[in-house]
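Peer 1: Pasting in a structure now, in structure tokens, and then I'll have a few things to ask.
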Amino acid sequence: MESTPETTAGSAQQDCAIDRSHWLKTLLRWHWVSSALALPALILFTFTGVTLNHAADIPANTRVTEIQAMVPGPVLQELRLLAANPPAELPSALGQWLTREQGIALGRGQAEWSETELYIAFPRPGGDAWLSLYLESGELLYEHTDRGWIAWANDLHKARNTGVWWQGFIDAFAVVCLVFCLTGFGLLWLHARERAGIWPVAGLGLLIPVLLAVLTIH
């Protein structure tokens, strides 16, 4: 049976419909998977985007904890010996005493040695802490500042003092969001023939920030 122009056109339309259906299913699958993965973090970053933008209007809920103590003789003697050639890691005896007696965990503390003082900074999201230990007298001063959960969430947004694992998570989250956006664009493209308002609305979404940037930011 010979093919006619009508049957050829019908076959082409059928193939086109099959391709469109395949792409639609594929894009929908990637779109919902990426949206499900990104949703919790997307809510966090959206919320903290608002709180960071209005940081001056949100009252701070700062709590400061101070500890003053004397370091035991054996621990102090070990620190004095180490001060001449500071080790890469803090001595375990100091960490055990701080945890047991003062409730202070050294964790990722950053130590700075001098002949007379050991200073440890504790960078963390939502606050900070520091410890100063005088090697001559054995006096220890510790201060911990907690700026509240909003400051903590804001620092997560900025990856401030969060470590490499959280920074890696943000990179992965950005990739997932990119997949979500690109698959969304693909779905818009497939539905554009049936919905005339898609590209005007999408264009408006691009035009508004561009106009704001050009006209209001100097």
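Peer 1: Which of the residues that make up the range 167-193 are in a helix (DSSP H, G or I) and more than 23 Å from the chain's Cα centre (by Cα)?
Peer 2: Kept after step one, since they are in a helix (DSSP H, G or I), are these residues of the range 167-193: 167-191.
Result: THR183, GLY184, PHE185, GLY186, LEU187, LEU188, TRP189, LEU190, HIS191.
Peer 1: Now for a different question. If the requirement is being more than 20 Å from ASP128 (Cβ to Cβ) and either of a type in the set (D, E, K, R) or assigned to a helix (DSSP H, G or I) (or both), which of these qualifies: ALA93, ALA88? Walk me through it before giving the result.
Peer 2: Working: ALA88 fails: either of a type in the set (D, E, K, R) or assigned to a helix (DSSP H, G or I) (or both).
Going through ALA93, ALA88 in turn, the sole match is ALA93.
Peer 1: Across the range 23-74, what is the number of residues that are in contact with a Cys (Cβ under 7 Å, 6 or more places away or on another chain) and in a strand (DSSP E or B)?
Peer 2: Residues in the range 23-74 being in contact with a Cys (Cβ under 7 Å, 6 or more places away or on another chain) and in a strand (DSSP E or B): 0 in total.
Peer 1: Determine the pairs where a residue that is modelled with pLDDT of 95 or more, located within the range 175-196, has a partner that is surrounded by 12 or more Cβ atoms within 10 Å (Cβ to Cβ) and assigned to a loop (DSSP other than H, G, I, E, B) with Cβ atoms under 6 Å apart, the partner being 6 or more residues away or on another chain.
Peer 2: none
Peer 1: Consider LEU135 carefully, then state whether it is of a type in the set (A, V, I, L, M), over 26 Å from THR62 (Cβ atoms) and surrounded by 18 or more Cβ atoms within 10 Å (Cβ to Cβ). I'd like the intermediate steps shown before the answer.
Peer 2: Values: of a type in the set (A, V, I, L, M): yes; over 26 Å from THR62 (Cβ atoms): yes; surrounded by 18 or more Cβ atoms within 10 Å (Cβ to Cβ): yes.
Yes: the conditions hold for LEU135.
Peer 1: Right, something else. Among the numbered criteria (1) farther than 22 Å from ARG147 by Cα; (2) at pLDDT 85 or above, which one does ARG63 miss?
Peer 2: (1)
Peer 1: Among ALA129, ALA88, ALA105, which is under 29 Å from LYS158 (Cβ atoms), crowded, with 17+ Cβ neighbours inside 10 Å, of a type in the set (A, V, I, L, M) and not assigned by TED's automatic domain parsing to the domain that holds GLY163? Lay out the reasoning, then the answer.
Peer 2: Values: ALA88 fails: crowded, with 17+ Cβ neighbours inside 10 Å; ALA105 fails: crowded, with 17+ Cβ neighbours inside 10 Å.
Only one candidate passes the filter, namely ALA129.
Peer 1: Of the residues in the range 61-78, how many are small (Gly, Ala, Ser) and either surrounded by fewer than 10 Cβ atoms within 10 Å (Cβ to Cβ) or without any contact (Cβ under 8 Å) to a residue 12 or more places away in the chain (or both)? Let's see the steps before the verdict.
Peer 2: Initial filter on the range 61-78 (small (Gly, Ala, Ser)): 69, 73.
Next, from what is left, pick out any that are either surrounded by fewer than 10 Cβ atoms within 10 Å (Cβ to Cβ) or without any contact (Cβ under 8 Å) to a residue 12 or more places away in the chain (or both): 73.
Number of matching residues: 1.
Peer 1: Confirm whether LEU131 is of a type in the set (A, V, I, L, M) and not in a strand (DSSP E or B).
Peer 2: Values: of a type in the set (A, V, I, L, M): yes; not in a strand (DSSP E or B): no.
Considered against the rule, which asks whether it is of a type in the set (A, V, I, L, M) and not in a strand (DSSP E or B), LEU131 comes out as no.
Peer 1: Sticking with this one: Of all residues in the range 142-187, which are over 22 Å from HIS31 (Cα atoms), of a type in the set (A, V, I, L, M) and surrounded by 14 or more Cβ atoms within 10 Å (Cβ to Cβ)?
Peer 2: ILE150, ALA151, ALA153, LEU156, ALA159
Peer 1: Can you pull out every residue in the range 44-60 that is free of Cβ contacts under 8 Å to residues at least 40 places away in the same chain and polar (S, T, N, Q)? Write out each step before concluding.
Peer 2: Here is the first cut: in the range 44-60, the residues free of Cβ contacts under 8 Å to residues at least 40 places away in the same chain are 46, 50, 53-54, 56-57, 59.
Within the range 44-60, THR46, ASN53 meet the criteria.
Peer 1: Keeping to the range 138-157, report how many residues are free of Cβ contacts under 8 Å to residues at least 60 places away in the same chain and not hydrophobic (A, V, I, L, M, F, W, C).
Peer 2: The qualifying residues number 1.
The values are calculated or read from the model by the stated rules, or taken from the named source; none is laboratory data. Not measured: the values here are computed from a predicted model. A quick note on method: Cβ atoms are made from the backbone with ideal geometry, for glycine too, and the neighbour counts reach across all protein chains shown.
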